[in-house]
Amino acid sequence: MQNPEEVQRNKLMELIRTAENTEWGKKYGYKSILKEDEFKNRVPVNNYDSLKPFIERNMKGEQNVLWPSEIKWFAKSSGTTADRSKFIPVSFETMDECHFNAGRDVLTLYCNQKENTQLFDGKGLVIGGSHQVNRMNEEVFYGDLSAVIMQNLPFWVHFLRTPELSIALLDDWESKLEKMANATVNENVTNISGVPTWTLVLFNRLFEMTGKRNLTEIWPNLELYVHGGVSFTPYRNQFKQLISSPGMNYMETYNASEGFFGIQDDLSSEDMLLMLDYGLYYEFMPMSEYGKEHPATYSLSQVVPFENYALIISNNSGLWRYLIGDTIQFTSVKPFRFKITGRTKHFINAFGEELIVENADRAVAEACRILNAQVSEYTAAPVFLDNQGKGGHEWLIEFEKEPGNIEIFREELDNALKNVNSDYEAKRQKDISLQKPLVRVMQKGSFHRWLKAKGKLGGQHKVPRLSNTREYVEGILTMMENERKR
């Protein structure tokens, strides 16, 4: 926190020196790179497709391609509901220096703020992904990141967590939730880690089993929920209703298959501290540069607060100048704290409205607050121009608790979007180019069934909040229409 730029410069040089004799390092002349600018000028910005040929060689057992140490673990990730999976290399350095270190820091930062914590008197419930560790060949294994991490944790950590590993690594998500509920209902759970959507599914199963309606009645010593994966904003009020304990705390983390990037180090503020010493070097691409062949990127010393940046990392598994696909805004530069604003591909800008996921989450939460409603899932897409030259947005929303009047909800959603996004407000002026949003109320379980139909059921898979095409919306509506016809 005190010397961020120096830490990052040193980290980059350490990564370059370590990898200079790899095939990648030789290709880009790492031995002669001495400065950050030389690295940026010499090495292109990459995505998964551009690194895929090198990663696939790793997956066949070839070593010293992108990173010098042995790579035999891969995190299978989609990040969204895209059909194609990504296999992200995970070196032992990344496990230890990044993921294990982050786990220790999460607990340390929490305990530093809660000196009287009873966290370690009970167990931590980890709601991980849905892929078991699989053998690709004699030397190589893959699975969800959570499965890879749990498989490699020090033995003593398993005494502090629940359920047992055989349940935590189950591949069938529905069977896993049932067994997880049975295995944990009588445990002394003091902390939970998981994606909000799937955590709520587990809560509801526990309520069905026990007849209780508040989690404090099941786990009276529960005091911490560590969340990530999707924005907590639409779910915050729902969690507070289901967990009535005044001593309950919520802590956000930014963890992905490619690395662990941020931790909420101040429970009174919703932003996260950028973690700079986890074997990662960060670059930040202004969204105005996104899609360019040679985009400009900024180092830490060049970023400014409240600008939308696409996150680029280089790490100690051999991901070089890798475009993660997430966008962030810094809320502070002393120290570097930030919030996740969305995905580079998850936005709506069909009419110049530049609607990002953070805007959508805040607007949905505000409309729910006003009408005392609760949303469990949603997605939105453009409705393209009609014969009168007007378009709009279509929202598919699944409510946990429906508003009394959907038309008023629609009005409040529209007003909230105007308040959080001036471009949206301008396009909505007098309905000139953008009409009031269309809101469709979906049956409970619709998104769950859609994910299941796509084979994307489980903790790592998320419903995309926004899309600039109608791919997801049309897919869900088609599924619903087919169900009606049966």
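Every read-out reported here was derived from the displayed coordinates using simple, explicitly stated rules and does not represent laboratory data. None of the values given here were measured: they were computed from a predicted structure. Here Cβ is always computed from backbone atoms with ideal geometry, including for glycine, and neighbour counts include all displayed protein chains.
Bridging of Lys11 to aspartates and glutamates at a Cα separation below 17 Å is possible for Glu20, Glu36, Asp37, Glu38, Glu93, Asp96, Glu97, Glu258, Asp277, Glu283, once same-chain residues fewer than 8 apart are set aside.
The GluC sites (Glu not before Pro) found in the range 215-309 that occupy coil by DSSP, while having at most 14 further C-beta atoms within 10 Å, are Glu293, Glu307.
Evaluated with a Cβ-only charge set (Lys, Arg +1; Asp, Glu -1), the range 1-80 carries a dipole of roughly 220 debye about its Cα centre, given to the nearest 20. Distance between the pseudo-spin-label points of Val333 and Trp156 (7 Å out from Cα toward the beta carbon): 4.2 nm. In the calculated pair-distance distribution of the chain, the portion above 42 angstrom amounts to 17 percent of the Cα-Cα pairs.
Between Glu354 and Glu208, the contour length at 0.36 nm per residue exceeds the Cα-Cα span by 48.4 nm. In this calculation the C-beta distance from Asn221 to Asn47 is compared with R0 = 45 Å, giving a FRET efficiency of 0.50. Projecting label points 7 angstrom from Cα along Cα→Cβ for Glu164 and Asn405 puts them 5.6 nm apart. When the Cα convex hull of the range 95-185 is projected onto planes of every orientation, the mean area is 6.9 nm². Normalising by the residue count of the chain, find the relative contact order in percent from Cα pairs under 8 Å and 6+ residues apart. Worked out over the chain, it gives 14 percent. Given their separation in residues at 0.36 nm each and the Cα-Cα distance between them, Arg135 and Asp172 gain 11.6 nm when the chain is fully extended. Sorted into 10 angstrom bins from 0, the C-alpha pair distances of the range 153-225 split as 18, 56, 25, 2 percent. For the chain, the mean residue ellipticity at 222 nm estimated from helices alone is -10000 deg cm²/dmol, where every DSSP H run of n ≥ 4 contributes -39500 (n - 2.57) and the total is divided by all residues, rounded to the nearest 500. This model, with +1 at the C-beta of Lys and Arg and -1 at the C-beta of Asp and Glu, gives the chain a dipole about its Cα centre of some 840 debye. For the pairs Lys334/Lys418; Lys292/Lys339; Lys292/Lys427; Lys27/Lys52; Lys60/Lys452; Lys212/Lys240, flag any whose C-alpha to C-alpha distance is greater than 19 Å. Check vs 19 Å cut-off fails for Lys334/Lys418; Lys292/Lys339; Lys292/Lys427; Lys60/Lys452.
On the principal axes of its alpha-carbon atoms, the range 366-446 has extents of 35, 24, 18 Å, going from largest to smallest. Stokes-Einstein diffusion of the range 290-415 at 25 °C, 0.890 mPa s viscosity, Kirkwood radius from Cα pairs, rounded to a whole number: 143 µm²/s. Comparing the range 1-105 with the 2.2 N^0.38 Å rule of thumb, its C-alpha radius of gyration ratio is 1.17 (two decimals). Compared with the alpha-carbon gap, the fully stretched path from Glu187 to Val441 is longer by 87.7 nm at 0.36 nm per residue.
Built from the Cα atoms of the range 347-485, the convex hull projects on average onto 8.7 nm², one quarter of its surface area.
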